[in-house]
Each structure stands twice: as C-alpha cells, then as structure tokens.
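I have placed the structure first, in the form of structure tokens, so that the comments after it can refer back to it.
What follows draws every value from the coordinates through simple rules; no lab data is involved. As the structure is a computational prediction, the values presented were derived from the model and not from experiment. Here the Cβ is made from the backbone with ideal geometry for all residues, glycine too, and neighbour counts use every protein chain on show.
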C-alpha cells in the first residue's frame with residue numbers, strides 16, 4: 001500500500017514538473033527573443049568597441065619600443081610582440097599614415113551605436129569620440145608642434161627616459177643599447193620636421209634656438225663619459241649592477257664588462273655626435289629662418305602651415321584657431337577663450353584682494369608654536385599620506401583591506417624612489433617631476449627633484465604633494481587600481497588628458513598648504529594665496545601673449561606694475577613663448593575642477609563632502625571636463 005502510494009505520488013510530481021517545464025518553455029519562447037535581442041546587441045556592440053580599442057592601443061605602441069617599454073612591463077599579455085627595438089623616426093609619409101589611421105578609427109567608431117554599449121564603455125566611447133575629433137582638428141596644424149622646445153623637448157626628455165629604462169631581462173639591456181645607438185636617426189627625423197616648420201615660416205624664435213643649441217653643445221662631453229660622471233654612464237652601471245644582483249645566472253662578469261664598454265662606445269660614437277649634429281643643423285636653420293623672417297609678431301612664430309597665406313587677417317585667424325585647439329587639448333576645457341579670460345580676471349581680482357587683506361591681518365600667535373625642524377623628503381611623503389586620509393579614498397595597493405575581499409586581486413605595496421636630476425639637465429628642467437610607471441606594474445614609482453631649484457620648507461612640502469601624495473603618484477596608482485584600462489580594453493591607459501592630471505596635481509598642491517600648516521612656522525594662507533595668484537597671472541600672460549599678441553615690452557611694462565624687474569619679466573616671457581598653453585594646462589584645469597566641485601555641491605546638497613567629490617573625480621578616470629560635467633549630472 002505504501003509502495004503504491006509512493007509510486008502514485010512520484011507520478012503526480014512528474015506530471016507537475018512536466019507541466020512546469022512546458023510552461024517555462026512557452027514563457028521563454030515569448031521572452032527570450034526580446035531578452036536576447038537586447039542583450040545580444042549590447043554584447044556585440046561591446047565586443048566591437050573593445051576590439052577597436054585594442055587595435056588602436058596596439059597600433060599606438062607598436063614600432064616605438066621606448067614608449068612600449070614605459071607603458072607595459074609585459075607587452076605579450078596585451079598581444080604585442082616585437083623582436084627588434086625601434087625609435088620612431090619622423091617622416092611626412094608616416095605623419096600622413098597616422099592621420100589616415102585616425103580617420104579610419106573615427107569612421108569605425110561612428111558605426112557603433114553607443115546606446116547599445118555598457119555604461120562603462122558608453123562613457124569611454126564619448127571620451128574617445130571627442131579625443132579623435134580633436135586629434136583630427138589638430139592634424140591640420142601639425143607644424144605648430146615643437147618637439148625641440150628648449151625646456152621640455154625630446155633632446156631633454158630622451159636622455160631621462162634612457163636613464164630610467166628598466167632592466168628586467170637580458171633582452172632589455174640589448175634593446176636599450178640598440179635604442180641608444182638610434183639617437184642620431186631619431187634626431188634626423190626631428191630635423192626633417194624642423195625643416196618643414198621653417199619652410200612654413202613656423203620655426204622657433206632665435207632666442208629659443210640659441211638656448212636649445214647651447215644645451216646640446218654642453219650636454220655630453222668626452223670627459224664626462226671617460227670619468228663616469230655623466231648620468232647616462234652612471235645610471236647604466238647602476239642598473240647593470242642591480243640586474244646582476246637579481247639575476248646572477250644571466251649576467252656574469254664578462255658580459256657585464258662587455259655591456260659597460262658597449263655603452264661607452266655608443267655614447268662616444270653615436271650619442272655625442274648626434275647632439276653635435278643637432279646643434280649644428282639647428283644653428284643653420286635658425287640663421288636661415290632669421291634671414292628669411294616673415295613676421296615679427298609675438299607668441300606663436302607664424303600663423304599657418306601654408307606659407308602661401310599672406311593676408312594678415314588670415315594669419316591671425318589661423319593662429320587663434322590653433323591656439324584654441326591647443327588649449328583644449330592641454331586643459332580638457334572647451335570654453336571659448338574669451339570666457340577663459342573672464343574667469344582668469346575674476347580669479348585674479350579675488351585673489352589679489354584676498355592677499356592684501358591677509359597681509360593686513362595680525363599674525364596668528366599659534367604659528368610660532370609649530371615645528372621648525374627641517375623635514376626630509378621621506379618624512380614629508382609619510383606625513384602627507386597620513387594627513388590626506390580623511391579627505392581622499394585609500395589606495396588598495398598593499399592595504400590590509402584588500403584581504404577582506406577575496407574578489408579583489410592582491411596588489412603589491414606602492415614604493416617611491418626619490419632621484420635627483422643630473423647637473424647636465426638641471427638648468428632647463430622643472431623643479432620636480434613624476435615619472436609614470438607601466439600600466440601593469442605600477443608599484444614602483446620615481447619622483448625627480450632638481451637640486452638647483454633650492455626647494456625647501458613648505459615649498460618642498462607642497463611640491464611633493466603635487467608630485468606624490470595626493471598628487472600625480474596617488475592619482476596614477478588609483479587609476480591603475482581601478483581597472484579602467486584592463487586587458488580587454490586597455491586604451492584609456494594611454495589616452496592623454498594633461499589637464500585632468502595637472503589640474504588635479506595643482507588642486508591638491510594648493511590644498512596641501514593646510515597640511516603644511518601643521519609643520520612650518522609660516523603663514524601658509526598667505527603663501528597659498530600668493531602661489532595661486534602668481535600662477536593665475538602667468539596663465540593670463542599665456543593667453544595674452546599667444547592669443548592676443550602681447551609683446552615683450554608690453555609684458556615688461558605690465559609686470560613692472562607688480563614690482564617685477566625687466567630681466568625677470570623677460571625670462572617669464574621667454575618661457576611662456578616657448579611653452580604655449582603650459583600655464584593654462586595647470587591653472588585653467590584647476591579652475592575647471594573648482595567649477596566641477598561647485599556643481600557637485602549644488603547637486604548633492606547635504607550629501608556633499610570633499611571625500612565624495614574626490615572619489616567621483618578619481619573613479620571617472622582621466623577625462624575632458626565636458627565629459628566629467630555630463631557624468632556628474634548622471635551621478636544624482
């Protein structure tokens with residue numbers, strides 16, 4: 001009886017399950033076409049977009065071993081394989097191919113419907129669309145670029161990149177020496193470009209050429225090579241020794257000596273002659289350009305790629321168009337320059353009044369109670385990381401919080417080496433700079449300090465905030481940790497947004513004066529306001545020299561009103577003339593962050609906090625400010 005009952009019950013369950021199964025099939029028959037059609041569209045759109053981004057990524061890094069080496073520690077993980085080391089040598093044909101590639105990528109991108117992309121890819125799509133459009137616009141003005149700027153040109157940058165070239169395998173040493181030996185060919189390509197600029201009436205000013213030539217003539221001497229004092233000798237030996245220590249089986253004493261002698265030979269036979277040749281050819285071009293000078297106008301040396309354009313109104317319009325595009329690229333701001341000028345004037349007047357008011361006030365008696373003993377660079381970086389905790393999200397790297405979430409991959413602790421710029425480069429180098437680590441190995445970081453800059457006290461403190469925490473180093477590592485650029489779609493890891501990065505670094509630098517108040521017996525409010533006012537003035541000069549045609553005598557007369565002597569004013573003018581849009585890259589971008597912050601306060605109301613805003617900015621990743629503004633409006 002019990003057995004029969006069980007059989008009957010089993011049969012009943014089978015009937016129920018069969019009915020449920022058939023009902024599910026009928027339900028899915030109606031639902032799945034809708035479900036899969038929508039999700040299939042998203043899947044295929046994302047797959048197409050990711051594929052295009054990977055192609056662009058590989059194309060941008062292939063054929064340029066130096067850039068590839070600094071971008072990726074393990075290129076094979078990203079599908080990039082190179083047998084021979086190459087420095088990219090400029091040619092008009094290569095430039096045409098590059099422009100054609102951008103056009104092709106834009107067309108393929110336009111064929112993808114952004115509405116079918118995931119949220120992350122949709123934002124990335126917007127960024128890439130605007131990025132490529134700006135690159136296409138700038139391609140019409142390619143001869144305005146200056147790869148040999150006396151202050152930041154490749155004759156300065158290339159040796160620093162060589163000196164930091166990592167040796168993690170034997171092939172890296174061979175590649176390094178191969179790249180070093182290609183310096184002459186690389187400079188020949190840059191000279192071909194400078195000849196194009198000269199033909200178009202766009203060659204650099206005589207004073208800039210003189211500074212460049214002088215730097216090239218003194219950069220590398222046979223004595224500095226023989227006695228080992230040059231940093232391209234010393235740094236190579238240091239990296240060889242470290243490699244031998246880590247991999248003794250890969251580098252015996254005989255191989256060590258071979259590499260040492262080969263480096264010396266290449267420096268003498270290839271690199272030193274390359275700099276001498278660069279100095280000689282730039283002298284010739286400068287003399288020719290001076291003899292055939294087309295314009296005495298200030299700012300950008302000429303107005304169009306096409307020397308046939310002779311009408312002054314056409315020249316002025318071309319100049320302003322290029323400078324507008326350059327500011328947009330450098331800052332990520334798309335505001336009309338007339339609006340930018342108004343922003344800067346308002347900021348300048350506000351800061352000037354604030355500084356005058358601060359100087360009238362009695363000194364805070366608590367200032368004298370602050371610490372006065374000097375802090376080392378290591379102390380400052382430690383204090384900054386502690387002071388910033390309440391205002392900025394923590395890094396995951398090396399954090400014990402990582403272990404609490406098994407889904408998060410373990411990241412090594414972040415380290416930072418402090419190095420000092422060589423005497424052969426210090427005269428024309430910045431007071432300090434941060435060297436960006438590879439995308440897939442961001443735990444090792446380097447900050448360079450210029451020993452000739454005399455950084456000390458609060459100035460050193462705020463500079464390290466700019467370059468380290470919570471500035472460039474922190475922002476870079478945070479972005480790497482976020483996975484915004486992964487192997488599936490690594491492209492965002494190489495899209496260049498200087499304004500996002502430099503605006504952030506200046507924003508936290510000025511904010512770090514509040515932290516510095518804990519350690520230095522000075523009025524940090526006055527120093528902070530004075531620093532901001534100085535940069536605002538330089539940003540205004542940048543705009544007026546390059547967009548409105550402010551001359552050197554006019555600049556000297558203007559700055560005399562602020563007590564700045566004529567020779568100092570000439571140095572300021574010379575630097576701005578050589579580095580168009582550079583001050584705006586910092587200060588306009590900083591103002592854009594303040595504007596974005598005000599919008600966040602209005603949008604989030606009582607839910608606003610600086611911590612939340614900083615997290616929003618960092619989570620978005622490098623972007624232009626129009627895209628950040630749109631993203632903010634969707635973060636309600």
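Quick notes on this structure:
- Percentage relative contact order, the chain, counting C-alpha pairs under 8 Å, at least six apart: 17
- The stretch between residue 441 and residue 287 holds 50.8 nm of extra length on full extension. This uses 0.36 nm per residue minus the Cα-Cα distance.
- Acute angle (nearest 10 degrees) that the helix 566-578 long axis makes with the longest principal axis of the chain, alpha-carbon atoms: 40
- Mean Cα-pair separation over length for the stretch 147-293, i.e. relative contact order, pairs under 8 Å, 6 or more apart, %: 40
- Dimensionless Rg over Rh [the stretch 472-625; C-alpha; Kirkwood]: 1.04
- Note on the chain: antiparallel DSSP beta bridges, both residues inside, total approximately 40 percent of the bridges counted.
- For the stretch 57-145, the square roots of the Cα gyration tensor eigenvalues, ordered a ≥ b ≥ c, give a/c of at least 1.5 with a/b no greater than b/c, which places it in the oblate category.
- Divide the volume of the convex hull around the Cα atoms of the chain by the residue count and you get 236 Å³ per residue.
- Using the Cβ-Cβ distance between residue 83 and residue 115 with R0 set to 51 Å, the FRET efficiency works out to roughly 0.75.
- With 5 Å bins beginning at zero, the pair-distance distribution over Cα atoms of the stretch 370-522 amounts to 2, 9, 17, 20, 20, 15, 10, 5, 2, 1, 0 %.
- Once C-alpha pairs closer than 8 Å and six or more residues apart are averaged by separation and normalised to the residue number of the stretch 370-522, the relative contact order reads 28 percent.
- Between residue 226 and residue 452, the simple label model (points 7 Å from Cα in the Cβ direction) yields a spacing of 2.5 nm.
- Listed from fewest to most Cβ neighbours within 10 Å, the set 181, 238 follows the order 238, 181.
- Shape category assigned to the stretch 147-293 from the gyration tensor of Cα positions, a/c cut at 1.5: prolate
- Distance (nanometres) between label positions extended 7 Å along Cα→Cβ at residue 74 and residue 350: 4.8
- Helical runs assigned H by DSSP (4 residues or longer) give the chain a calculated mean residue ellipticity at 222 nm of -21000 deg cm²/dmol, each run adding -39500 (n - 2.57) before division by the residue total.
- Degrees separating the helix 154-163 axis from the principal Cα axis of the chain, which is the longest one: 60
- Extended-chain gain in nm, criterion 0.36 nm per residue less alpha-carbon gap, residue 604 and residue 270: 114.3 nm
- FRET efficiency for the residue 43 to residue 619 pair, using the beta carbon distance and R₀ = 30 Å, is estimated at 0.75.
- Inter-part distance where the stretch 560-604 and the stretch 101-148 are each reduced to a Cα centre, Å: 27
- Rounded to the nearest 0.05, the FRET efficiency derived from the C-beta distance between residue 99 and residue 157 at R0 = 25 Å is 0.60.
- Spin-label proximity, residue 62 to the stretch 101-119 - amide N less than 14 Å from point 7 Å beyond Cα toward beta carbon: 101
- Between residue 548 and residue 521, the contour length at 0.36 nm per residue exceeds the alpha carbon distance by 5.5 nm.
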